Every structure is written in structure tokens, then in C-alpha cells.
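Data first, discussion second: the structure below is written as C-alpha cells.
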Amino acid sequence: MSTAEIKLKLIEEITKSNDEAFLTDALGLFREHSKGIYVFSPEETAMVNEGLEQYKRGEYLTDEEADKEAEKWLED
């Protein structure tokens, strides 16, 4: 599909939609893209915060440990 075809398809889908949440999300995506800034969703923010807390509690693997885990996983 060409860029022009993709744009027309987007316009068509946006025009047909009455889903306010979807349209708001789409608008946010376009705004973020034009700024070059990615804004985490609440779910993503929660996951990052959970990871930080795990790190603080010492719940992490070193590079070597992670490599060994990956090797085991690939063997199975």
C-alpha cells in the first residue's frame, strides 16, 4: 500500500468511527509523533515503577545470569 493509500484509508476509518476513546487515542498518537516524544500510558508507567521497585529489592539478574537463563530457554 502506498503512502497516499494509507492516508486515504486512515481518513476513511477516522471518518466512520464514533468511538470517542479511539479517536482521542489516535489524536494523542499523532500529537506525540509530531513532537517526537513518547508518553507512557498509565499501564506502562505502572510496569516501569514495578520494575524499579523490584530493582530496589534486589530482584534482578546480572548480564551473565540473564545470558545463562536465555541459553537454558533456547535449549528447551
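Rule-based calculations on the coordinates, nothing more; no lab input. Worth saying up front: this structure is predicted, and the values here are computed from it rather than measured. Heads up, the Cβs are rebuilt from the backbone with ideal geometry, glycines too, and the neighbour counts pull from every protein chain shown.
For Asp76 and Lys7, the FRET efficiency from 1/(1 + (r/R0)^6), where r spans their Cβ atoms and R0 equals 30 Å, is about 0.10. In the set [x] 56, 37, 29; [y] 50, 30, 23; [z] 72, 22, 16, the label that goes with Cα extents along the principal axes in Å computed for this structure is [y].
Arrange Met1, Met47 by Cβ neighbour counts within 10 Å, fewest through most, would you? Write down the numbers at each step before the final one.
Numbers: Met1 8, Met47 12.
In order of increasing Cβ crowding within 10 Å: Met1, Met47.
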